[in-house]
Every structure is written in structure tokens, then in C-alpha cells.
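Report on the following structure.
Just so you know, all these numbers are worked out from the coordinates, no wet-lab data involved. Computed from a predicted model, the values in this text were never measured in an experiment. We place every Cβ from the backbone using ideal geometry, glycine too, and count neighbours over all the protein chains shown.
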Ligand code: FES
């Protein structure tokens, strides 16, 4: 692999990476699908914005801002009527597009609209797009893009660490090389899948590797494939395994106040059909879950104590630098308002060391 980390290490000033008040426009996980039945309403807070989501009586998902544009009652107290919601305070009714269609004490509704947001579900999770129109499909496992999948959910948890920094752990080659001194140097192949997704791949041969991949090697003597696909710098899909069995874990993260990460693990496999197939699906998902517990456990202490201040990039940090560059190229939005930030003035004499520090 031809690597020149010094030429790669030239990027614009920090824009969104590891920023406490900004995030990338994209799909963010809201709640498990099973928690929202037909006719139910839930309140969610996604990157600082309070929203309600509800499921119409025929199963359609709708997401809108949480407060009524009349007097500001919380719409969580409202009533779902077909695909519309009626505010419980004075009975104003808004359709699935957020348009006011009825005001009980007036003959005609007023020209009002609640802001609505794209919403969808996949892998047993409800996702919300943080812009007007979704620019990407829902996050997916690249090698299963066109296949039917089975999935299950892990328990969500919070880490005292920015989502971008949590994500870096999966490509922190320096860490892998350090903790496994007998391994050869590990470097990743990078592939940008689209504006919002980047993938890092590595095939690990016998005699080299990550300590936890050596754990898999107890069961299998073949080469092990390892890859991680990032969406929006805060969803990481880890794929691990020999050719005949790839395990896929999606770690969906969203930024919380104070640079914390709200993490939802999702276990995914290609779906096998039939009674035997459903047993196989369950076994693979269980194995994937065990692997995720193993991975999370190994990082728990590091993620609790890391204060990201990347001052001395080396050759082994190339993937981390590429990841940061990829994040900073994407469309940033402000925490809570979901508006684009005002562009900063051009840098004057900034050097590379300014780039990877915290805000
Ligand atoms: S506050 Fe909602 S209808 Fe009055």
C-alpha cells in the first residue's frame, strides 16, 4: 500500500469533527421500532432538538417538532387521527405534512405548518434525517446492501466521549500495533462510498492481527476480514470474520450535550429463510452480540479517559487523519437549531496542529 501521511495531512481548519455544538446532516437513530405502535406518540431528542414521532393508524411514521404553533402545548399529549395529530390543548389538527387542516372554533384553518422531518425504519430502529429532504438511503451494511437482513438490538448506553472519537477506536492502528507487539504493521485500505460514507478494509493473515481477532482465530485458521464503514462520522458498521461467515455490528451513535455519545448497538446478518434459516439467523445474531460485548468491554476504560488532542500524527495514524478529513468535508449543522453554521473567516497561518484538537 502506497502511503504518504504527510501529504494527506493537509486539510482545512476544524469544521465539525469532535465539535460539541455541531454535527453532520444525516440519519440519526431515534428509538427501537417496537416501542412505537400504531396510534402512539413518543417524544425524542435528537442532537439537541425536541421532536415527536407518531405512527398513524395505518402504520405510517411521522416526525415533527414537539410544540404546537398555537400556544406551544407539547404535542406528545395530542391524539393521532389517521395520519394526522390533534393538539390536546385547543384541538387544532395537523396532517402528516405538518399543515394545519382544522381549527375547531374557526370555519377555516389558518395557514400554519409544523416543521416535519424525514423519518423511516430499518434494522428494527426508527431513524430521523436532520434536514428537509433525505439525501442518502438509511445506513446499511455495504456487503448486504441488496439482501434481505435479519437484525436484533443490543442495549443502548452512554459514553462520556464524543461520537467521532468513539468511532476512531476502530481504526486506531497505533493502538492495535502497540498492544500486539508481535504483529506486523497494520494499515487499512480506504474507500469513500459516497459523500457521507467511508470504508476502511483489512484482511488479516495468520501471524498478524488484532488481539481480539486472534480470539476468533481459535475457531478458524483462515484469513480474517475486518472492515468498518462509517456514516456521518458517528455510525460505524464493523464487519469481522472469515470468508464463510461475516459478522456485522452497527454502532449507531448520536451526540449528547457535553460531548457524550448515546450508543445503540445493532446486530445484522443476511437473512436465511425457512425454519432452519430462522434458527441460523438467531445463532449468528447471538454470536454477533457476544462479539460486540467483547469489543465494547475492551474499550471501556480508554473511552472513559480519552481527551482528544491529536498533536503528533504519524504514519500509523493515516486512517484516523483520513477519517477526520472525510468528516470535515460533510455538511455541518448546529446543535439544537439544525441550521448551517456561519462560515468562519479563512485561516491565517494555521498549521496542521490546530486541526485535530477539541473545540
Ligand atoms: S396550543 Fe395547541 S391548539 Fe392551542
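Here are the numbers for the structure shown:
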{"quantity": "The stretch 96-176 shape via C-alpha gyration tensor axes, a/c threshold 1.5", "calculated": "prolate"}
{"quantity": "Chain lengthening between residue 40 and residue 97 when straightened (0.36 nm per residue, less Cα-Cα)", "calculated": "18.8 nm"}
{"quantity": "Computed lengthening from residue 74 to residue 90, 0.36 nm per intervening residue step minus Cα-Cα distance", "calculated": "4.6 nm"}
{"quantity": "Cα-Cα P(r), the stretch 34-129, percent of pairs per 5 Å interval", "calculated": "3, 14, 27, 27, 16, 8, 3, 1, 0"}
{"quantity": "Length added when fully stretched, residue 149-residue 189, from 0.36 nm per residue minus Cα-Cα", "calculated": "11.8 nm"}
{"quantity": "Inter-probe distance in nm under a simple model that places probes 7 Å from Cα toward Cβ, at residue 315 and residue 334", "calculated": "4.5 nm"}
{"quantity": "Computed label-point distance, nm, for sites residue 112 and residue 20 using a 7 Å Cα→Cβ extension", "calculated": "3.6 nm"}
{"quantity": "Over the stretch 34-129, relative contact order from alpha-carbon pairs under 8 Å, at least 6 apart, %", "calculated": "20 percent"}
